[in-house]
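Below is one structure, written out as structure tokens, with a few remarks after it.
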Amino acid sequence: MVQARKKPKAKVANPAKTLEHRREIISIHQFSKIAMTFWLGGTWMAGIVIFPVLFKTLDQITASEVVGQILNIQAYIGVICLIVAIIEVIINHKLSLLMTKRFWYIISMFSILVINYFAIFPVVYHLREKLSSIAHKFIALQNNTFDFWHSLSAILFVFICIIGMLYLIEM
């Protein structure tokens, strides 16, 4: 004789939790990943495609001004995206926060971004203004200083991109 199997009773989920889950359109983890991908993708696109094209098609002074404006916007977007990322890591890792690579990637990117934006960009901007407004003799003397600060800023830009890639891979 074959016995009929009894179906187990389905568990009734907590209605409050189910309702809360239904309202969630996107998780903080997903939002953080989208935000960081948006910022880092834009950073790579600007550095690899947009900036070289600007310097090839426009005169150097105009291209520098446009690049400066783009970098300014990117810095603010980066700060916002990194704040979202740190909130996500805090929510998901709570007490083990300091032991996660993602936390240190965020802190590294944020530190480099702030140093580059608030310490190095103003020096580059000031030197660019000085260089564009005076005679060629002085430009030759100051060009080494400008090249140093500009190169340092570009290197930090690349570091942010590399750390950002590691962060996204870690997610």
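The values are calculated or read from the model by the stated rules, or taken from the named source; none is laboratory data. Just so you know, these numbers come straight off a predicted model, no measurement behind them. Ideal geometry is used to build each Cβ from the backbone, glycine not excepted, and the neighbour counts take in all protein chains shown.
Residues in the stretch 122-142 that are surrounded by 14 or more Cβ atoms within 10 Å (Cβ to Cβ) and either hydrophobic (A, V, I, L, M, F, W, C) or at pLDDT below 70 (or both): V123, V124, L127, L131, I139, Q142.
Residues being exposed (fewer than 12 other Cβ atoms within 10 Å of the Cβ), at pLDDT below 85 and in contact with a His (Cβ under 9 Å, 6 or more places away or on another chain) are entirely absent from the stretch 49-61.
If you go through the stretch 101-109 one residue at a time, do you hit one that is more than 29 Å from I26 (Cα to Cα) and without any contact (Cβ under 8 Å) to a residue 40 or more places away in the chain? Taking every residue of the stretch 101-109 in turn, none turns out to be more than 29 Å from I26 (Cα to Cα) and without any contact (Cβ under 8 Å) to a residue 40 or more places away in the chain.
Here's the yes/no breakdown for (1) crowded, with 17+ Cβ neighbours inside 10 Å; (2) at pLDDT 90 or above:
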site: F38; (1), (2): no, yes
site: S64; (1), (2): yes, no
site: Y76; (1), (2): no, yes
site: K101; (1), (2): no, no
site: I107; (1), (2): no, yes
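In the stretch 40-129, counting only helices (runs of 4 or more DSSP H) that sit wholly within it, the ones holding 2 or more residues that are under 11 Å from the mean Cα position of the chain (by Cα) span 60-93, 101-115.
Mind checking whether some residue in the stretch 160-171 is part of a helix (DSSP H, G or I), within 23 Å of I48 (Cβ to Cβ), at pLDDT 75 or above and of a type in the set (G, A, S)?
Step one: of the stretch 160-171, the residues part of a helix (DSSP H, G or I) are 160-170.
When the remaining residues are screened for being within 23 Å of I48 (Cβ to Cβ), the result is 160-170.
Still in the running and at pLDDT 75 or above: 160-170.
Pick out the ones that are also of a type in the set (G, A, S) and you get 164.
Checking the stretch 160-171: at least one residue is part of a helix (DSSP H, G or I), within 23 Å of I48 (Cβ to Cβ), at pLDDT 75 or above and of a type in the set (G, A, S).
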